[in-house]
Structure formats: structure tokens, C-alpha cells
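A.B. asks: Got a structure for you, written out below as C-alpha cells; questions coming shortly.
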Amino acid sequence: MSQAATTLSLKLRTFRAAGWTVGGHAASQLLRFGSNLILTRLLFPEVFGLMAIIQAVMMGVAMLSDIGVTQSIIRSNRAHDERFMNTAWTIQIAKGVFMWLVLCLIAAPLAAAYDEPLLAWMLPVAGLAAVISGFYSTNGAMASRNIDAKRITFISIGGHILTVMATVLLAWYDPTPWALVWGNLIGASVQMLASHVLLPGARNRFAWERQSARDIISFGGAVLLSSSLTFFAGEGNKLVAGLLLDMRMLGLLGLASTLNLVIWSAIQLVGSRVLYPAYSEVMRTEPARLSSIVERSRLVQVLPTWSAALFFAVFGRQVIEFLYDPRYADAGVILQIQALGLMAGVLSMSYTGVLWAAGKIGLSTALLAAQGVLQIGGMFVGSQIAGQFGVLVGIALSGVLMYPITAAVYARQELFHAKVDVPVILASIAAAVGVVLSNDWTGARAW
């Protein structure tokens, strides 16, 4: 860790980094929300459905080839060795090129599977973002290691601003899915260049040291499996949903998810950029304090997310009606359904980074596998029972069903916190009953 970082206490560094991360995420979400309001008036719901598939495929290829370069830098004792860092950068670039080649190969089969010919052309172009991002400076990983989020946040916000501006202008000129694709490429290019210019540290160059590569790849095996399961439990469900929902409904699902997860995505970002490094440092220095620190951090994560979920569960339809034109009205019901599931699911999600910091990656991977099975199983069972409405309910229920499994696992690790969980569960049950009984679901059941 750098000398500047060691002069600050872990608590102070964590709060500062969390503040920058949350502030930056809030700014990004406001930009994204504003652009969505404009883009939904320029584009049709089907466009967002098509883009949801592209983003899910790209995320899948990224996570199915993730060997944990950033995580290796955060954990390694050789993070100040230029040979190690440059080898990591070289591996990162190779991964980006590999991702693009895979996307080129699977583009045509996926276009046929989803009966969307445009996918065959759009996926290879969108995949260039993976090549561009591969050149991102490893100084970003060092900043995360030192729990220093200020510069990373500036780069993220700047890239997001230019992405939004470019996408809106392109959609105004050419209201097709290509506007979203080219906008993302512009944003990826800006962030990559900024990482080399604005982040302090040694400049990256191509290098290959066997021992460094062996260290990264050996650690990456566990990361790869975990990332693969994370994908299937997260973005991967959109690919399955795309087979069970029509393109319009898939686009509405993506729109509702953007609103429903606006606070939770900030929490997850804090978890990966701030809490995981902080938990790792606690495990290196004062492991006996881990449970009490996790309890406090979980409480801070759960309260705002649960409150937002309750708001959308109650007022989801009114929010969509106020913000969007009638073409998007059905997204209100989807927003409510998702929010009902999130009220319980947030308890499981609030453990982000804990098992990794404790070195129990296998256990974390097992939980992700269970979550993926519940989500995919819920979608297929729901589809058989109630069509598209059942798919959406199945996704929401998977978060509820996952909680008892998560609670049991963390209880065995002496990390279960009844003072956090029990009140949330009781309040969630009461809220869910009230929302279900006070709304008319007749139209949604006919989807």
C-alpha cells in the first residue's frame, strides 16, 4: 500500500472512498436517468430489449473469461512490482481481444436463436468495447487496493457524460439500436484514455513474466468460476428471459430494473470497490473484528435499499406513468414485482465481498450457483404456470427463496446478524401482503 494510504486509518479511507463512490454513482445514475427519459421518446421499447441482449451477452463473455486481474492486484504482495503489473496489463489486453473474437463467432448463432438478424452485425461492433477496455491502466486497480476512489470516480463520471451526450445525439440523428452501440464505444474509449492520463503510477507497457502470470492465472481459476456463476445469477438471466419474453417485454424489464436497482447498484459498487478491500485489510490485521464491521456495513446497505424497494413496490405504476409515455406503462407493474422481491433479496446481497475477503471463495461460488439455479428455475416454472407474467414473478421470488440459504451459510460462519435481518423480514412480509392485496393484477396476468 502507498505511503499516502497508510497515513490514513482504514475507517477514514473507507468512508472517503464510499462517499466518492456513492456520489459518483448518484451522478452517473442521474445522467443515465435523464438520458433514458430522452431516449425513450426517440426509441421504441423493442430497441431497449435488443440492447439488453447485447449487453447481457457481452457481460457473459466478460465474466466467463474473467481471471481476476483486478482482484489479483488488490490481494497480491507484488502489486508494487512493475513486472507483475505489466504482466497483468498484458493479460488484461489479451482477455479483451479474446472476448471480441468470441463475440464475433457467436453473433450469427445468437441472431438466429433470438430471431433478430441485426444481432449478427451489432455484436461484433459492440464487442470492440472489450478490446478498448482491455487497455485500461492497472493504476485503477491500485487505486482500489488503496481504497482511493476519487480519481476513479471522476473518470467514470466524465466517461458517462460523454457517453450520454453521444448516445442522445446519435439517437436523434439515427433512432436505431446503433446509437446505443456507438455511444458505448465512445464512453469506453474516453475512460480508457483517461485512466492513463489521470491516474498516478507507473505507465503500463507490454511485458510477460512467467511467475507473475502463474500467480494471476492460478488465483484466476477460482475467480473465473465465481464470475461465471455471478453472470448466470445476474445478467445471464436476461438471456434466458429473452427466450421466454418478447422483445418489448424484455425492454420494459430492463427499464424497470434500471429504476429498481438504482440504489442497490450504488451499494454493490461500494461493496466491490470499497468494502472488499476494507474487509481484506481487516482480515490481514484484525480478523476478530470482521463480524462487527460486517454487521454495521450491512445495516448501512440494507436500510436505504429496502426503503427504495418499498417505495417502488407501492408506487411503481405511478412512477412509470409520470416519467414515461403510454408505450412504457406496463413497466410499472414489472417495477412493483421486482421491488417486492428485492425487499428480502437485499439481505443476501448485503454480504458482498465478505467471503472473498475471508478467503472462502469456494463457499461464495456455491451460493452463486444456488442463486443461479433458483433464478433460472423460477423463470421456467413461472413461464409454464403464468406465461410472461410468471417469468417476472419467478425472477422476483428467487431472491426471496435465496435468503434462507444465505442466512444458514453465514450463520455457520458466525456472520448472521438477527438485529439486522429479523425486522427487515417481518416488514417485508407485511409490505408484500399490503401491495398484493391493494393492486389489480388482472391485466398483467394476461401478458
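The values are calculated or read from the model by the stated rules, or taken from the named source; none is laboratory data. Treat the numbers as computed from the prediction; the structure is a model and nothing was measured. Note that we place each Cβ from the backbone using ideal geometry, even for glycine, and neighbour counts take in every protein chain shown. In case anyone asks, the SASA skips ligands and DNA or RNA and just uses the protein heavy atoms, side chains included. Shrake-Rupley method; radii C 1.70, N 1.55, O 1.52, S 1.80 Å.
A.B. asks: Would you check which residues across region 73-92 are open to solvent by less than 10 Å² (accessible area, probe 1.4 Å) and modelled with pLDDT of 75 or more and list them?
C.D. replies: Passing the criteria: Ile73, Phe84, Asn86, Thr87, Ala88.
A.B. asks: Further question: Mind listing whichever residues of region 201-222 are surrounded by 12 or more Cβ atoms within 10 Å (Cβ to Cβ), at pLDDT below 85 and either part of a loop (DSSP other than H, G, I, E, B) or small (Gly, Ala, Ser) (or both)?
C.D. replies: Gly201, Ala202, Ser212, Ala213, Gly220, Gly221, Ala222, listed by residue number.
A.B. asks: Look at Ala120 and say whether it is closer than 22 Å to Tyr279 by Cβ and of a type outside the set (Asp, Glu).
C.D. replies: no
A.B. asks: Right, here's the next one. Do we find that Ser348 is among the hydroxyl-bearing types (Ser, Thr, Tyr), open to solvent by 20 Å² or more (accessible area, probe 1.4 Å) and at pLDDT 90 or above in this structure?
C.D. replies: So Ser348 does not fit the description; no.
A.B. asks: Would you point out which residue out of Asp440, Asp421 is open to solvent by less than 40 Å² (accessible area, probe 1.4 Å) and among the acidic types (Asp, Glu)? Before the answer, list the steps.
C.D. replies: On the way: Asp440 fails: open to solvent by less than 40 Å² (accessible area, probe 1.4 Å).
Unique residue meeting the criteria: Asp421.
A.B. asks: Separate question: Among the helices (runs of 4 or more DSSP H) lying completely within region 339-447, list those that include at least 2 residues that are small (Gly, Ala, Ser).
C.D. replies: Answer list for region 339-447: 361-412, 418-438, 442-445.
A.B. asks: Right, Gln413: in contact (Cβ under 8 Å) with a residue 40 or more places away in the chain and touching a Ser or Thr at 6+ places or on another chain (Cβ under 8 Å) or not? It would help to see each step written out before you state the result.
C.D. replies: Details: in contact (Cβ under 8 Å) with a residue 40 or more places away in the chain: yes; touching a Ser or Thr at 6+ places or on another chain (Cβ under 8 Å): no.
Here the answer is no, as Gln413 does not meet what is asked.
A.B. asks: Which members of region 187-200 meet the condition of being surrounded by fewer than 18 Cβ atoms within 10 Å (Cβ to Cβ) and part of a helix (DSSP H, G or I)?
C.D. replies: Leu193, His196, Val197, Leu198
A.B. asks: Can you name the residue in region 171-181 that is in a helix (DSSP H, G or I) and buried (at least 20 other Cβ atoms within 10 Å of the Cβ) and, of all such residues, is farthest from the chain's Cα centre (by Cα)?
C.D. replies: Ala171
A.B. asks: Here is a further query. Suppose we filter Ala309, Ala370, Ala358 for residues that are under 20 Å from Leu259 (Cα atoms), in contact with a helix residue (DSSP H, G or I) (Cβ under 8 Å, 6 or more places away or on another chain) and small (Gly, Ala, Ser); which single one remains?
C.D. replies: Ala309
A.B. asks: So Thr305 fits all but one of (1) in contact (Cβ under 8 Å) with a residue 60 or more places away in the chain; (2) crowded, with 23+ Cβ neighbours inside 10 Å; what number is the exception?
C.D. replies: (1)
A.B. asks: Another question, then. Conditions: (1) among the polar types (S, T, N, Q); (2) in contact with a His (Cβ under 7 Å, 6 or more places away or on another chain); (3) at pLDDT below 75. Ser137 meets all but one. Number of the miss?
C.D. replies: Failing condition for Ser137: (3).
A.B. asks: Which condition number in (1) modelled with pLDDT under 90; (2) under 19 Å from Leu250 (Cβ atoms); (3) more than 20 Å from the chain's Cα centre (by Cα) is the one that Ile376 fails?
C.D. replies: Result: Ile376 fails condition (3) only.
A.B. asks: Given the conditions (1) modelled with pLDDT under 85; (2) surrounded by 24 or more Cβ atoms within 10 Å (Cβ to Cβ), and given that Gly394 satisfies all but one, which numbered condition is not satisfied?
C.D. replies: (1)
A.B. asks: Would you say Ile429 is open to solvent by 70 Å² or more (accessible area, probe 1.4 Å) and under 27 Å from Arg248 (Cβ atoms)? Give the steps one after another, and end with the answer.
C.D. replies: Working: open to solvent by 70 Å² or more (accessible area, probe 1.4 Å): yes; under 27 Å from Arg248 (Cβ atoms): no.
Taking the combined requirement at face value, the residue does not satisfy it.
A.B. asks: Take region 357-378 and flag every residue that is surrounded by 23 or more Cβ atoms within 10 Å (Cβ to Cβ) and not small (Gly, Ala, Ser).
C.D. replies: Gln371, Gln375
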